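Contents: one structure, followed by commentary.
The values are calculated or read from the model by the stated rules, or taken from the named source; none is laboratory data. None of the values given here were measured: they were computed from a predicted structure. Cβ sites come from the backbone with ideal geometry, for glycine too, and all protein chains shown count toward neighbours.
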Amino acid sequence: MGVGAFAHSTGQILKDAGASVSTYLTRSYAHYPPSLVGPVYRPEQFSSPSELVRKHTVGLVVPMSIDWAQAPWAEELLALGVPILCPVGDGIKIERDRDFAGRLCQEFKIPFPQAHVARNRLEAEAILERHSQPFVLKNPFCSPTSPIHTILCETSADTRSWLKQVDYAEGVFMQEYLGRCEAGHIALVSAGEVYSVVTNQEYKRAYAGNLGIVAGAPLGGLVEKDPEDKYGLARELLYPLRPWFRQVKYHGPIQVTAVRRGGKWHVIEYNIRIGVTSGAMLLRLLSDPVGVLLRTGRDQPLDLQFVDGLQFGCSLTLAGYGYPYVQIRGPQLPVDVIDPIDCDLWWNEVSRDADGQLRSTGHRIADVVAFGKTLETAIGKAYANIRKIRSLGSYYRPDIGQSLWPPGNP
(Lines give C-alpha, C1' and ligand atoms only; values in the text may rest on other atoms or scores of the structure.)
Protein backbone atom coordinates (compact mmCIF):
# COMPACT_ATOMS: atom_id res chain seq x y z
CA MET A 1 0.00 0.00 0.00
CA GLY A 2 1.70 3.19 -1.17
CA VAL A 3 3.02 5.17 -4.11
CA GLY A 4 6.24 6.37 -5.74
CA ALA A 5 9.71 5.11 -4.96
CA PHE A 6 8.55 3.22 -1.87
CA ALA A 7 6.05 1.11 -3.81
CA HIS A 8 8.40 0.79 -6.82
CA SER A 9 11.37 -0.42 -4.77
CA THR A 10 9.50 -2.66 -2.34
CA GLY A 11 7.47 -4.24 -5.13
CA GLN A 12 10.42 -4.82 -7.45
CA ILE A 13 12.71 -6.28 -4.77
CA LEU A 14 10.03 -8.70 -3.58
CA LYS A 15 9.18 -9.57 -7.19
CA ASP A 16 12.86 -10.27 -7.89
CA ALA A 17 12.76 -12.65 -4.92
CA GLY A 18 9.81 -14.59 -6.36
CA ALA A 19 6.69 -12.82 -5.08
CA SER A 20 3.66 -11.76 -7.10
CA VAL A 21 3.16 -8.07 -6.36
CA SER A 22 0.38 -5.53 -6.77
CA THR A 23 -0.10 -2.05 -5.27
CA TYR A 24 -3.08 -0.36 -3.66
CA LEU A 25 -2.46 3.34 -4.30
CA THR A 26 -2.92 5.32 -1.09
CA ARG A 27 -2.16 8.84 -2.32
CA SER A 28 -3.17 10.93 -5.31
CA TYR A 29 0.27 11.18 -6.96
CA ALA A 30 3.27 9.09 -8.08
CA HIS A 31 1.15 6.27 -9.52
CA TYR A 32 3.39 5.46 -12.48
CA PRO A 33 6.40 3.86 -10.70
CA PRO A 34 4.53 0.97 -9.01
CA SER A 35 2.82 0.22 -12.33
CA LEU A 36 6.25 -0.86 -13.63
CA VAL A 37 6.20 -3.77 -11.17
CA GLY A 38 2.66 -5.12 -11.32
CA PRO A 39 -1.04 -4.21 -11.26
CA VAL A 40 -2.04 -1.01 -9.46
CA TYR A 41 -5.44 -0.25 -7.97
CA ARG A 42 -6.94 3.14 -7.17
CA PRO A 43 -9.38 3.84 -4.34
CA GLU A 44 -11.88 4.94 -6.98
CA GLN A 45 -11.84 1.37 -8.29
CA PHE A 46 -11.73 -0.37 -4.92
CA SER A 47 -12.91 1.59 -1.91
CA SER A 48 -11.10 -0.85 0.37
CA PRO A 49 -7.98 -3.00 -0.13
CA SER A 50 -9.93 -5.80 1.58
CA GLU A 51 -11.64 -6.49 -1.75
CA LEU A 52 -8.24 -7.10 -3.34
CA VAL A 53 -6.97 -9.20 -0.43
CA ARG A 54 -9.94 -11.54 -0.82
CA LYS A 55 -9.80 -11.60 -4.61
CA HIS A 56 -6.06 -12.33 -4.93
CA THR A 57 -5.47 -14.41 -1.76
CA VAL A 58 -2.86 -11.91 -0.59
CA GLY A 59 -0.21 -13.34 1.74
CA LEU A 60 1.30 -10.10 3.05
CA VAL A 61 0.42 -6.39 3.09
CA VAL A 62 3.31 -3.89 3.27
CA PRO A 63 2.12 -0.36 4.16
CA MET A 64 4.09 2.79 3.36
CA SER A 65 2.48 4.89 6.10
CA ILE A 66 0.89 4.33 9.50
CA ASP A 67 -2.22 6.14 8.26
CA TRP A 68 -3.75 2.88 7.06
CA ALA A 69 -4.71 2.10 10.68
CA GLN A 70 -7.05 5.12 10.76
CA ALA A 71 -8.68 4.42 7.40
CA PRO A 72 -12.41 3.55 7.44
CA TRP A 73 -11.56 0.08 6.08
CA ALA A 74 -8.85 -0.76 8.66
CA GLU A 75 -11.01 -2.98 10.88
CA GLU A 76 -12.33 -4.85 7.85
CA LEU A 77 -8.76 -5.50 6.67
CA LEU A 78 -7.66 -6.70 10.11
CA ALA A 79 -10.66 -9.02 10.34
CA LEU A 80 -9.39 -10.91 7.27
CA GLY A 81 -6.35 -12.03 9.25
CA VAL A 82 -3.88 -11.24 6.47
CA PRO A 83 -0.35 -10.63 7.80
CA ILE A 84 0.57 -6.92 7.77
CA LEU A 85 4.18 -5.73 7.98
CA CYS A 86 3.28 -3.28 10.74
CA PRO A 87 2.25 -3.68 14.38
CA VAL A 88 -1.42 -3.28 15.17
CA GLY A 89 -3.38 -2.13 18.20
CA ASP A 90 -1.32 -0.54 20.97
CA GLY A 91 1.90 -1.28 19.09
CA ILE A 92 1.17 1.57 16.67
CA LYS A 93 1.26 4.12 19.49
CA ILE A 94 5.07 4.01 19.75
CA GLU A 95 5.21 6.02 16.52
CA ARG A 96 1.80 7.63 16.36
CA ASP A 97 1.77 9.22 19.85
CA ARG A 98 5.03 11.02 20.62
CA ASP A 99 4.18 11.61 24.27
CA PHE A 100 3.39 7.90 24.68
CA ALA A 101 6.85 7.02 23.29
CA GLY A 102 8.44 9.35 25.84
CA ARG A 103 6.51 7.78 28.72
CA LEU A 104 7.42 4.30 27.48
CA CYS A 105 11.11 5.24 27.51
CA GLN A 106 10.76 6.59 31.03
CA GLU A 107 9.14 3.35 32.19
CA PHE A 108 11.95 1.22 30.76
CA LYS A 109 14.74 3.65 31.74
CA ILE A 110 15.70 4.53 28.15
CA PRO A 111 17.23 8.02 27.72
CA PHE A 112 14.72 10.40 26.09
CA PRO A 113 14.99 14.19 25.70
CA GLN A 114 12.97 16.43 27.98
CA ALA A 115 9.63 16.89 26.22
CA HIS A 116 6.36 18.76 26.68
CA VAL A 117 2.99 18.92 24.95
CA ALA A 118 1.33 22.36 24.60
CA ARG A 119 -2.24 22.89 23.42
CA ASN A 120 -1.69 26.41 22.12
CA ARG A 121 0.83 29.21 21.69
CA LEU A 122 0.37 30.57 25.22
CA GLU A 123 1.16 27.19 26.77
CA ALA A 124 4.12 26.68 24.41
CA GLU A 125 5.62 30.08 25.21
CA ALA A 126 5.15 29.44 28.94
CA ILE A 127 7.10 26.19 28.59
CA LEU A 128 9.89 28.07 26.82
CA GLU A 129 9.95 30.66 29.62
CA ARG A 130 10.42 27.90 32.19
CA HIS A 131 12.99 26.04 30.07
CA SER A 132 15.09 28.54 28.14
CA GLN A 133 16.66 26.16 25.65
CA PRO A 134 16.20 25.11 22.02
CA PHE A 135 13.42 22.67 21.16
CA VAL A 136 12.56 20.51 18.18
CA LEU A 137 8.92 21.19 17.31
CA LYS A 138 6.77 18.32 16.09
CA ASN A 139 3.13 17.41 15.84
CA PRO A 140 2.00 15.44 18.91
CA PHE A 141 0.53 12.79 16.58
CA CYS A 142 2.66 11.49 13.73
CA SER A 143 1.04 11.46 10.29
CA PRO A 144 1.99 12.56 6.75
CA THR A 145 -0.94 15.00 6.98
CA SER A 146 0.06 16.46 10.37
CA PRO A 147 -0.31 20.26 10.73
CA ILE A 148 3.32 20.48 11.94
CA HIS A 149 6.28 18.74 10.34
CA THR A 150 9.60 18.63 12.15
CA ILE A 151 11.09 22.07 12.82
CA LEU A 152 14.58 21.78 14.25
CA CYS A 153 15.50 24.84 16.35
CA GLU A 154 19.10 25.22 17.51
CA THR A 155 18.61 28.16 19.91
CA SER A 156 15.85 29.30 22.25
CA ALA A 157 15.45 32.40 20.03
CA ASP A 158 14.82 30.11 17.03
CA THR A 159 12.19 28.30 19.06
CA ARG A 160 10.50 31.53 20.17
CA SER A 161 10.25 32.70 16.57
CA TRP A 162 8.69 29.47 15.35
CA LEU A 163 6.18 29.29 18.17
CA LYS A 164 4.56 32.39 16.66
CA GLN A 165 3.94 30.61 13.39
CA VAL A 166 3.20 26.90 13.88
CA ASP A 167 -0.30 25.47 13.42
CA TYR A 168 -1.69 24.51 16.82
CA ALA A 169 -4.68 22.57 15.46
CA GLU A 170 -3.46 19.43 17.28
CA GLY A 171 -1.14 21.19 19.72
CA VAL A 172 2.65 21.03 19.58
CA PHE A 173 5.18 18.51 20.87
CA MET A 174 8.30 20.32 22.16
CA GLN A 175 11.32 18.03 22.41
CA GLU A 176 14.65 19.19 23.85
CA TYR A 177 17.26 19.72 21.11
CA LEU A 178 20.29 17.51 21.80
CA GLY A 179 22.55 18.35 18.86
CA ARG A 180 23.48 16.84 15.49
CA CYS A 181 25.16 13.53 16.44
CA GLU A 182 22.24 11.50 15.08
CA ALA A 183 21.94 7.92 13.84
CA GLY A 184 19.33 5.22 13.39
CA HIS A 185 18.93 1.48 13.70
CA ILE A 186 16.32 -0.76 12.05
CA ALA A 187 15.31 -4.12 13.46
CA LEU A 188 12.52 -6.62 13.00
CA VAL A 189 10.48 -7.70 16.00
CA SER A 190 8.94 -11.16 15.73
CA ALA A 191 7.97 -13.88 18.20
CA GLY A 192 8.89 -11.50 21.01
CA GLU A 193 12.52 -11.08 19.94
CA VAL A 194 14.43 -8.15 18.40
CA TYR A 195 16.46 -8.97 15.28
CA SER A 196 18.90 -6.24 14.27
CA VAL A 197 19.23 -5.65 10.53
CA VAL A 198 21.00 -2.35 9.75
CA THR A 199 22.34 0.81 11.29
CA ASN A 200 21.39 3.77 9.14
CA GLN A 201 21.76 7.49 8.64
CA GLU A 202 19.32 9.83 6.89
CA TYR A 203 20.41 13.19 5.49
CA LYS A 204 17.33 15.24 6.23
CA ARG A 205 18.44 18.77 5.45
CA ALA A 206 17.92 20.09 1.97
CA TYR A 207 21.43 21.14 0.96
CA ALA A 208 25.10 20.17 1.14
CA GLY A 209 26.82 20.74 4.45
CA ASN A 210 23.56 19.87 6.24
CA LEU A 211 22.27 23.35 5.43
CA GLY A 212 18.76 24.51 4.64
CA ILE A 213 15.47 23.33 6.07
CA VAL A 214 14.63 19.81 7.18
CA ALA A 215 13.04 18.48 3.99
CA GLY A 216 9.78 16.55 3.87
CA ALA A 217 11.75 13.39 3.12
CA PRO A 218 15.53 12.80 3.29
CA LEU A 219 17.84 13.79 0.43
CA GLY A 220 19.99 10.72 0.95
CA GLY A 221 20.87 7.90 3.28
CA LEU A 222 23.37 5.23 4.27
CA VAL A 223 22.92 1.77 5.72
CA GLU A 224 25.43 -0.66 7.18
CA LYS A 225 24.57 -4.33 7.63
CA ASP A 226 24.58 -4.66 11.40
CA PRO A 227 23.03 -7.84 12.84
CA GLU A 228 25.53 -7.63 15.71
CA ASP A 229 24.47 -4.07 16.68
CA LYS A 230 28.06 -2.81 16.65
CA TYR A 231 27.09 0.74 17.70
CA GLY A 232 24.87 -0.33 20.60
CA LEU A 233 21.69 1.35 19.42
CA ALA A 234 19.54 -1.77 19.71
CA ARG A 235 21.13 -2.82 22.98
CA GLU A 236 20.48 0.55 24.62
CA LEU A 237 17.21 1.63 22.99
CA LEU A 238 15.35 -1.46 21.71
CA TYR A 239 16.22 -4.47 23.88
CA PRO A 240 14.84 -2.83 27.05
CA LEU A 241 11.43 -2.67 25.31
CA ARG A 242 11.16 -6.45 24.87
CA PRO A 243 8.67 -6.82 27.76
CA TRP A 244 6.42 -4.22 26.12
CA PHE A 245 6.83 -5.78 22.66
CA ARG A 246 5.68 -9.10 24.11
CA GLN A 247 2.84 -7.53 26.10
CA VAL A 248 1.26 -5.86 23.04
CA LYS A 249 2.19 -8.75 20.70
CA TYR A 250 4.26 -6.38 18.59
CA HIS A 251 5.56 -7.83 15.35
CA GLY A 252 6.92 -5.81 12.47
CA PRO A 253 9.73 -3.35 11.79
CA ILE A 254 11.01 -0.99 14.45
CA GLN A 255 13.34 1.89 13.66
CA VAL A 256 14.88 4.02 16.36
CA THR A 257 16.42 7.41 15.60
CA ALA A 258 18.73 8.69 18.32
CA VAL A 259 21.23 11.40 19.20
CA ARG A 260 24.45 10.69 21.08
CA ARG A 261 25.13 13.13 23.89
CA GLY A 262 27.29 12.77 26.99
CA GLY A 263 28.41 9.32 25.87
CA LYS A 264 24.82 8.00 25.70
CA TRP A 265 22.28 7.43 22.97
CA HIS A 266 18.98 9.28 23.51
CA VAL A 267 15.83 8.29 21.61
CA ILE A 268 14.48 10.98 19.30
CA GLU A 269 11.66 8.88 17.87
CA TYR A 270 10.55 5.40 16.95
CA ASN A 271 9.06 4.41 13.59
CA ILE A 272 7.18 1.22 12.80
CA ARG A 273 7.91 0.95 9.07
CA ILE A 274 10.95 -0.10 7.05
CA GLY A 275 11.17 3.47 5.76
CA VAL A 276 11.08 5.22 2.42
CA THR A 277 14.85 5.80 2.29
CA SER A 278 16.35 2.81 4.12
CA GLY A 279 13.73 0.18 3.29
CA ALA A 280 14.92 -0.34 -0.28
CA MET A 281 18.46 -0.89 0.98
CA LEU A 282 17.48 -3.15 3.87
CA LEU A 283 15.49 -5.47 1.61
CA ARG A 284 18.33 -5.79 -0.93
CA LEU A 285 20.74 -6.85 1.84
CA LEU A 286 18.56 -9.80 2.88
CA SER A 287 19.12 -13.01 0.91
CA ASP A 288 15.45 -14.02 1.33
CA PRO A 289 13.44 -10.82 1.79
CA VAL A 290 10.12 -12.50 0.98
CA GLY A 291 10.59 -15.24 3.56
CA VAL A 292 11.78 -12.82 6.22
CA LEU A 293 8.86 -10.43 5.76
CA LEU A 294 6.32 -13.26 5.65
CA ARG A 295 7.65 -14.75 8.90
CA THR A 296 7.65 -11.31 10.53
CA GLY A 297 4.07 -10.71 9.42
CA ARG A 298 3.12 -14.09 10.91
CA ASP A 299 4.98 -13.37 14.18
CA GLN A 300 7.34 -16.32 13.76
CA PRO A 301 11.01 -16.68 14.82
CA LEU A 302 13.52 -15.34 12.27
CA ASP A 303 16.87 -16.53 10.96
CA LEU A 304 18.29 -13.57 9.09
CA GLN A 305 20.65 -14.36 6.22
CA PHE A 306 22.36 -11.68 4.16
CA VAL A 307 23.70 -11.37 0.61
CA ASP A 308 27.42 -12.12 0.55
CA GLY A 309 29.68 -9.19 -0.26
CA LEU A 310 27.17 -6.42 0.48
CA GLN A 311 28.00 -4.48 3.63
CA PHE A 312 26.95 -0.91 2.85
CA GLY A 313 24.26 0.85 0.86
CA CYS A 314 23.98 4.46 -0.30
CA SER A 315 20.77 6.16 -1.43
CA LEU A 316 20.71 9.50 -3.28
CA THR A 317 17.57 11.45 -4.08
CA LEU A 318 17.26 13.48 -7.26
CA ALA A 319 15.09 16.41 -6.21
CA GLY A 320 13.08 18.29 -8.81
CA TYR A 321 12.34 21.92 -9.55
CA GLY A 322 11.51 23.92 -6.43
CA TYR A 323 12.21 21.26 -3.80
CA PRO A 324 12.12 21.45 -0.78
CA TYR A 325 9.79 24.47 -1.10
CA VAL A 326 6.85 22.48 -2.38
CA GLN A 327 4.65 25.54 -2.90
CA ILE A 328 6.94 26.37 -5.86
CA ARG A 329 5.79 24.43 -8.91
CA GLY A 330 7.31 24.26 -12.34
CA PRO A 331 6.03 22.58 -15.50
CA GLN A 332 6.20 18.84 -16.08
CA LEU A 333 9.80 18.82 -17.26
CA PRO A 334 11.51 16.11 -19.35
CA VAL A 335 13.53 13.53 -17.40
CA ASP A 336 16.27 11.86 -19.43
CA VAL A 337 18.52 8.89 -18.60
CA ILE A 338 21.55 9.69 -20.71
CA ASP A 339 23.54 6.49 -20.03
CA PRO A 340 22.60 2.99 -18.83
CA ILE A 341 22.09 2.71 -15.06
CA ASP A 342 23.97 -0.14 -13.35
CA CYS A 343 22.42 0.06 -9.89
CA ASP A 344 18.91 0.37 -8.46
CA LEU A 345 16.84 3.28 -9.78
CA TRP A 346 13.50 3.89 -8.10
CA TRP A 347 11.22 6.42 -9.77
CA ASN A 348 9.12 8.72 -7.65
CA GLU A 349 7.01 11.61 -8.98
CA VAL A 350 7.30 10.91 -12.71
CA SER A 351 5.14 9.56 -15.50
CA ARG A 352 5.34 8.96 -19.27
CA ASP A 353 3.51 11.19 -21.71
CA ALA A 354 1.76 10.09 -24.89
CA ASP A 355 5.07 10.17 -26.77
CA GLY A 356 6.82 7.95 -24.23
CA GLN A 357 8.85 10.81 -22.75
CA LEU A 358 9.46 10.52 -19.02
CA ARG A 359 8.38 13.73 -17.24
CA SER A 360 8.50 15.04 -13.70
CA THR A 361 5.10 15.34 -12.03
CA GLY A 362 6.26 16.61 -8.64
CA HIS A 363 9.22 17.56 -6.50
CA ARG A 364 11.06 14.28 -5.96
CA ILE A 365 12.11 12.58 -9.18
CA ALA A 366 13.99 9.43 -8.23
CA ASP A 367 16.15 7.58 -5.74
CA VAL A 368 19.41 5.99 -6.88
CA VAL A 369 20.69 3.18 -4.64
CA ALA A 370 24.01 1.33 -4.79
CA PHE A 371 25.80 -1.21 -2.60
CA GLY A 372 29.32 -2.37 -1.89
CA LYS A 373 31.70 -4.15 0.44
CA THR A 374 32.92 -0.74 1.55
CA LEU A 375 31.13 2.51 2.17
CA GLU A 376 33.31 4.25 -0.40
CA THR A 377 32.35 1.73 -3.09
CA ALA A 378 28.62 2.16 -2.44
CA ILE A 379 28.82 5.96 -2.38
CA GLY A 380 30.99 6.12 -5.51
CA LYS A 381 28.65 3.90 -7.51
CA ALA A 382 25.56 5.83 -6.44
CA TYR A 383 27.08 9.15 -7.52
CA ALA A 384 28.32 7.71 -10.83
CA ASN A 385 24.74 6.71 -11.63
CA ILE A 386 22.81 9.75 -10.44
CA ARG A 387 24.91 11.85 -12.80
CA LYS A 388 23.33 9.90 -15.67
CA ILE A 389 19.89 11.43 -15.04
CA ARG A 390 19.03 14.91 -16.28
CA SER A 391 16.05 17.16 -15.59
CA LEU A 392 16.05 20.96 -15.67
CA GLY A 393 16.36 22.51 -12.20
CA SER A 394 16.95 19.17 -10.47
CA TYR A 395 19.69 18.66 -7.91
CA TYR A 396 21.11 16.18 -5.42
CA ARG A 397 23.29 16.51 -2.35
CA PRO A 398 26.96 15.96 -3.33
CA ASP A 399 28.16 15.23 0.22
CA ILE A 400 26.39 12.11 1.46
CA GLY A 401 28.73 10.25 3.82
CA GLN A 402 31.00 13.23 4.46
CA SER A 403 29.29 13.99 7.79
CA LEU A 404 27.06 12.19 10.34
CA TRP A 405 29.00 8.97 9.85
CA PRO A 406 30.19 6.82 11.58
CA PRO A 407 27.15 6.91 13.87
CA GLY A 408 27.53 9.42 16.67
CA ASN A 409 29.58 11.89 14.61
CA PRO A 410 28.29 15.43 13.85
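For the reader, a short list of remarks on this structure follows.
- Glu236 being in contact with a strand residue (DSSP E or B) (Cβ under 8 Å, 6 or more places away or on another chain), under 22 Å from Met281 (Cα atoms) and of a type outside the set (A, V, I, L, M, F, W, C): no
- The set of residues in segment 350-371 that are buried (at least 22 other Cβ atoms within 10 Å of the Cβ) and part of a strand (DSSP E or B) comprises Val350, Ser360, Arg364, Ile365, Ala366, Asp367, Val368, Val369, Ala370, Phe371.
- Filtered by the rule that a residue be touching a residue at least 60 places away in the same chain (Cβ under 8 Å) and either more than 18 Å from Arg205 (Cβ to Cβ) or part of a helix (DSSP H, G or I) (or both), segment 151-182 gives Phe173, Glu176.
- Taking first residues from segment 16-28 that are charged (D, E, K, R) and partners that are at pLDDT 95 or above, the Cβ contacts under 6 Å between residues at least 6 apart in sequence or on separate chains come to Arg27/Val3.
- Residue check, Phe135 touching a Gly at 6+ places or on another chain (Cβ under 8 Å) and either over 22 Å from Phe6 (Cα atoms) or not assigned by TED's automatic domain parsing to the domain that holds Pro39 (or both): no
- Positions within segment 270-292 being part of a strand (DSSP E or B) and under 12 Å from Ile186 (Cα atoms), in sequence order: Tyr270, Asn271
- Test result for Val21, touching a Cys at 6+ places or on another chain (Cβ under 9 Å), within 13 Å of Met1 (Cα to Cα) and either modelled with pLDDT of 95 or more or not hydrophobic (A, V, I, L, M, F, W, C) (or both): no
- Yes/no for Leu318 being at pLDDT 95 or above, within 24 Å of Gly18 (Cα to Cα) and buried (at least 22 other Cβ atoms within 10 Å of the Cβ): no
- Filter pass, Thr159 being modelled with pLDDT of 95 or more, surrounded by fewer than 17 Cβ atoms within 10 Å (Cβ to Cβ) and at negative phi: no
- Conditions (1) assigned to a loop (DSSP other than H, G, I, E, B); (2) touching a helix residue (DSSP H, G or I) at 6+ places or on another chain (Cβ under 8 Å); number of the one not met by Val223: (1)
- Residues that are assigned to a strand (DSSP E or B) and either farther than 22 Å from Gly212 by Cβ or assigned by TED's automatic domain parsing to the domain that holds Arg27 (or both) within segment 316-349 comprise Pro334, Asp336, Val337, Asp344, Leu345, Trp346, Trp347, listed in sequence order.
- Which numbered condition Lys204 fails, given (1) in contact with a Lys or Arg (Cβ under 6 Å, 6 or more places away or on another chain); (2) within 30 Å of Ser394 (Cα to Cα); (3) buried (at least 19 other Cβ atoms within 10 Å of the Cβ): (1)
- Counting only residues that are touching a helix residue (DSSP H, G or I) at 6+ places or on another chain (Cβ under 9 Å) and loosely packed, with under 15 Cβ neighbours inside 10 Å, segment 91-107 holds 1 of them.
- Residue list for segment 293-315, restricted to those being assigned to a loop (DSSP other than H, G, I, E, B) and either charged (D, E, K, R) or touching a Gly at 6+ places or on another chain (Cβ under 8 Å) (or both): Arg298, Asp299, Asp303, Asp308, Leu310, Gln311
- Condition broken by Met1, with the remaining ones in (1) surrounded by 17 or more Cβ atoms within 10 Å (Cβ to Cβ); (2) in a loop (DSSP other than H, G, I, E, B); (3) out of contact with any Phe, Trp or Tyr (no Cβ under 7 Å at 6 or more places or on another chain) satisfied: (3)
- Output for segment 126-149, where each listed residue is surrounded by 15 or more Cβ atoms within 10 Å (Cβ to Cβ) and part of a helix (DSSP H, G or I): Ile127, Leu128
- Qualifying residue in segment 394-404 (condition: over 21 Å from Gly184 (Cβ atoms), surrounded by 15 or more Cβ atoms within 10 Å (Cβ to Cβ) and not aromatic (Phe, Trp, Tyr)): yes
- Just one residue in the set Ala370, Ala378 is modelled with pLDDT of 95 or more, outside the structural domain of Ile13 (by TED's automatic domain parsing) and out of contact with any helix residue (DSSP H, G or I) (no Cβ under 7 Å at 6 or more places or on another chain); that residue is Ala378.
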